[in-house]
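Structure first, commentary second.
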Amino acid sequence: MMDVNVKDLINRGAAIKKVGDFWNEKGLLPGMVMEEAGELIHAINKYERNKLDANRQGVIDEIGDLLIILSAYRYIYDIKDSEVVDRIDYKLGLEKED
C-alpha cells in the first residue's frame, strides 16, 4: 500500500458531509467525538500492554474513526485546511516567516 497524506484522507467531501449532517442533525456529534476519542485511548492502552499486531490494527481503526468525526466538525464549523495547518505549524514552532 502506498503512503497517503492525512490531508488527503480527511478531505472526503460528500462522505464527510453526510456523516457530519447525520450526527449533527441528531445532536449527537459532541457525543461521537468523545466516544471515538475514548475508543482510541482504549485501543492505545490495549496495544501498549501486549504489542500485538491485532491490537495495533485497533489503534489504526480508531485513529481513522476519530479523523472522520474531526473532519465532520471541520465541515460543520467551516474550518479550512489552511487554518488547521497554520495552527499545527504554530504549535510545532514551524510558523512561516513573513
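Number of residues in the stretch 3-16 that are modelled with pLDDT of 60 or more and farther than 18 Å from residue 84 by Cα equals 2. When each of 67, 40, 29 is tested for being modelled with pLDDT of 95 or more and surrounded by 14 or more Cβ atoms within 10 Å (Cβ to Cβ), the lone residue that passes is 40. Tell me, which residue of the stretch 46-98 that is in contact with an Asp or Glu (Cβ under 7 Å, 6 or more places away or on another chain) and part of a helix (DSSP H, G or I) is farthest from residue 28 (Cα to Cα)? The residue in question is 89. The set of residues from the stretch 49-77 being more than 15 Å from the chain's Cα centre (by Cα) and within 14 Å of residue 39 (Cα to Cα) comprises 55, 56, 57.
The values are calculated or read from the model by the stated rules, or taken from the named source; none is laboratory data. Remember, it's a predicted structure, so these values are computed and weren't measured experimentally. Reconstructed Cβ throughout: ideal geometry from the backbone, glycine too, with neighbour counts over all protein chains shown.
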